[in-house]
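Everything below concerns the one structure shown next.
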Amino acid sequence: DVAIVGCGNVAMDCCRVARRVATGRVHLIYRRTLKEAPADPEEIQAAMDEGVEFHFLTNPVSLLENEGTLTAVRLIKMELTEPDGRGRLGVKPVPGSEFDLPVQTLIAAIGQKIDSESFEKETGLLFGRRGNVEVDPTQKTSLEGVFSAGDCATGPSTLINALAGGQRAANAIHQYLNRQTP
């Protein structure tokens with residue numbers, strides 16, 4: 001099973017590709033409602049038609065693992081709050097609403113600025129001074145078996161830079177999964 005966090009066009013691309021290649025279920029996790037989703041409505045509908053399971057007003061709290069292998073993502077229900085200065089509705093967690101979603105793969109597709117609050121400090125995931133996930137030249141993060149690329153690792157950049165980072169990450173993941181040190 002695969003979970004994708006985010007609800008922009010990149011998240012739609014991720015979940016639709018995952019739906020085609022994953023052998024299990026594909027979940028999309030978004031902390032706001034369908035109405036606030038930034039993806040094109042046609043992209044969202046296509047993902048729904050392809051069987052992607054949407055979890056609106058839901059946000060990751062932590063990752064659960066067993067012997068270094070992802071087993072689930074702990075989620076919390078969210079509720080809408082008053083609009084912010086830009087008129088966008090805010091969200092806040094609903095205390096006591098945590099639940100675990102069993103998955104073996106998690107893809108963060110959350111846009112040009114990472115929401116580091118989605119990750120508890122206890123995970124050990126390191127962030128740079130600009131709020132991006134710190135990676136080495138192979139796109140490996142501070143967590144064993146976790147890789148990051150694109151805006152999440154570099155901040156806003158060009159598509160070509162994101163593709164290059166994704167290619168480096170894909171190569172390193174391939175080596176990692178084949179038990180070779182990237």
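Computed quantities for the displayed model
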{"read-out": "Solvent accessible area, Å² - Arg16, 1.4 Å probe, full protein context", "value": "50"}
{"read-out": "Volume in Å³ per residue [convex hull over Cα atoms, computed for the range 1-87]", "value": "105"}
{"read-out": "Equivalent ellipsoid, the range 52-117 (semi-axes from 5 times Cα gyration tensor eigenvalues, Å)", "value": "25, 14, 11"}
{"read-out": "Förster radius 41 Å - calculated FRET efficiency between Asp100 and Glu42 (Cβ-Cβ, nearest 0.05)", "value": "0.80"}
{"read-out": "Point-to-point label distance, Arg179-Glu50, nm (Cα→Cβ direction, 7 Å offset)", "value": "3.3"}
{"read-out": "Gaussian network model of the chain, springs between alpha carbon atoms under 10 Å - residue of Pro83, Pro60, Pro38 with greatest fluctuation", "value": "Pro83"}
{"read-out": "Mean residue ellipticity (222 nm) of the chain, computed from DSSP H runs ≥ 4 via -39,500 (n - 2.57), nearest 500", "value": "-7500 deg cm²/dmol"}
{"read-out": "Residue-level accessible surface for Val133, protein heavy atoms, 1.4 Å, Å²", "value": "10"}
{"read-out": "Where the chain is the region considered: accessible area per residue in Å², 1.4 Å probe", "value": "59"}
{"read-out": "Rg/Rh ratio calculated on Cα atoms of the chain (Kirkwood radius)", "value": "0.95"}
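The values are calculated or read from the model by the stated rules, or taken from the named source; none is laboratory data. What you see is a predicted model, and the numbers here were worked out from it, not measured in a lab. Neighbour counts run over all protein chains shown; Cβ positions are idealised from the backbone, glycine included. Just so you know, the surface numbers come from the protein's heavy atoms only, side chains and all, with ligands and any DNA or RNA stripped out. Shrake-Rupley method; radii C 1.70, N 1.55, O 1.52, S 1.80 Å.
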